[in-house]
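The values are calculated or read from the model by the stated rules, or taken from the named source; none is laboratory data. Keep in mind that what you see is a predicted model, and the values were worked out from it rather than measured. Glycine gets a Cβ as well: all are built from the backbone with ideal geometry, and neighbour counts include every protein chain shown. Quick note on the areas: whole protein, heavy atoms, side chains included, nothing else; ligands and nucleic acids left out. Shrake-Rupley method; radii C 1.70, N 1.55, O 1.52, S 1.80 Å.
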Amino acid sequence: MPSPIGTVTRGTTGHNRLRRVDRWIATLPVLRLTDDPLVADVGYGASPTTTLELRDRLARVRPDVEVTGIEIEPGRVARANAATRDGVTFRLGGFETPTPGDRAPAVIRAFNVLRQYRESEVGDAWRIMQNRLQPAGALVEGTCNEVGRVASWITLDREAPRTFTIALRLADVVAPSVVAERLPKALIHRNVPGEPIHRFLVDLDRAWAVSAPIGAYGPRQRWIATVRALRAGGWPVLHGQRRWRLGELSVPWESVAPNA
Ligand SMILES: C[S@@+](CC[C@H](N)C(=O)[O-])C[C@H]1O[C@@H](n2cnc3c(N)ncnc32)[C@H](O)[C@@H]1O
């Protein structure tokens, strides 16, 4: 068997840490439409908690979902295998995303994995995982803080990155640019003047500041006003209030993609 592609990194994880991105994954059309609801979780960490939680959350919208947790550190796979239950398997592997029967996953989640790699390694890692997807599949790659209250991710299909999303616990937000510390690897070093992600975060903070009076109705209303202000300012914000009220905000990838 060829060696797994990637390197072992710290295994920090925790209960409920990935609930925001799981909520997003549960809305992906491929999950409902696919004939083979296999989801891969690449780099689940020191304990398999977030893989088990992913299975439970996705089973609410797709009861026959099957989740495979993949880890590059053998001891973590042995420990996880002791926790196997229906609809969940674990295996040793890397970005090549090995699955039961070598089936193509409908969705690959890779969270807090690339953070510990170099920016120059992101493109190859993405491509290897994208090539494993079903034709309508999605790769969701991102980062969050330890407790999952500040998160951001990129959603890719087999061809290209398509959207960038941030998700915040609104009650905690002082300035939404707090997400700068938890950007995906492809963006985190690009938060400097002249780069689109920098302009996006500056405009987002400004929109949040001018929406302060709406805060009297609660942080959720203030966030919705913020997103509207951002859109009015020309940012091609996606979706509508149903997603925004969760503290989410998505834009097409092209609008924040790093300069070449
Ligand atoms: C910080 S933990 C993240 C755990 C979990 N996904 C979370 O967000 O809470 C990152 C894990 O990814 C694993 N890892 C790093 N590169 C990997 C790769 N190429 N393939 C599979 N696992 C990888 C590391 O060994 C580590 O256990």
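For (1) closer than 21 Å to GLY137 by Cα; (2) in contact with a helix residue (DSSP H, G or I) (Cβ under 9 Å, 6 or more places away or on another chain); (3) not assigned by TED's automatic domain parsing to the domain that holds LEU139, each residue gets a yes or a no:
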site	(1), (2), (3)
PRO4	no, no, yes
ARG10	no, yes, yes
THR27	yes, yes, no
VAL30	yes, no, no
ALA40	yes, yes, no
THR50	yes, yes, no
GLY75	no, no, no
Of the conditions (1) surrounded by 22 or more Cβ atoms within 10 Å (Cβ to Cβ); (2) not in a helix (DSSP H, G or I), HIS15 satisfies every one except a single condition; which number is it?
(1)
Verdict on SER177 being open to solvent by less than 10 Å² (accessible area, probe 1.4 Å) and among the polar types (S, T, N, Q):
no
Scan region 85-95 and tell me whether some residue there is within 30 Å of ARG222 (Cα to Cα) and of a type in the set (Gly, Ala, Ser).
no
State yes or no: is ARG32 surrounded by 16 or more Cβ atoms within 10 Å (Cβ to Cβ) and more than 21 Å from ARG85 (Cα to Cα)?
no
Suppose the filter is open to solvent by less than 30 Å² (accessible area, probe 1.4 Å), assigned by TED's automatic domain parsing to the domain that holds TYR117 and either hydrophobic (A, V, I, L, M, F, W, C) or near the ligand (Cβ under 10 Å from one of its atoms) (or both); does GLY87 pass it?
no
If you scan region 35-69, which residues turn out to be within 16 Å of the ligand (Cβ to nearest atom), open to solvent by 20 Å² or more (accessible area, probe 1.4 Å) and of a type in the set (A, V, I, L, M)?
ALA46, LEU52
I need every pair where a residue in region 108-137 that is open to solvent by less than 70 Å² (accessible area, probe 1.4 Å) has its Cβ under 7 Å from the Cβ of a residue that is among the basic types (Lys, Arg), sequence separation at least 6 or different chains.
ILE108/ARG132; LEU114/LYS185; TYR117/LYS185; GLU119/LYS185; VAL122/LYS185; GLN130/ARG158; LEU133/ARG158; GLY137/ARG158
Can you find even one residue in region 91-113 that is in contact with a Lys or Arg (Cβ under 6 Å, 6 or more places away or on another chain) and within 20 Å of ASN16 (Cα to Cα)?
no
Which one of these does GLU96 not meet: (1) open to solvent by 10 Å² or more (accessible area, probe 1.4 Å); (2) within 11 Å of the ligand (Cβ to nearest atom); (3) in a strand (DSSP E or B)?
(3)
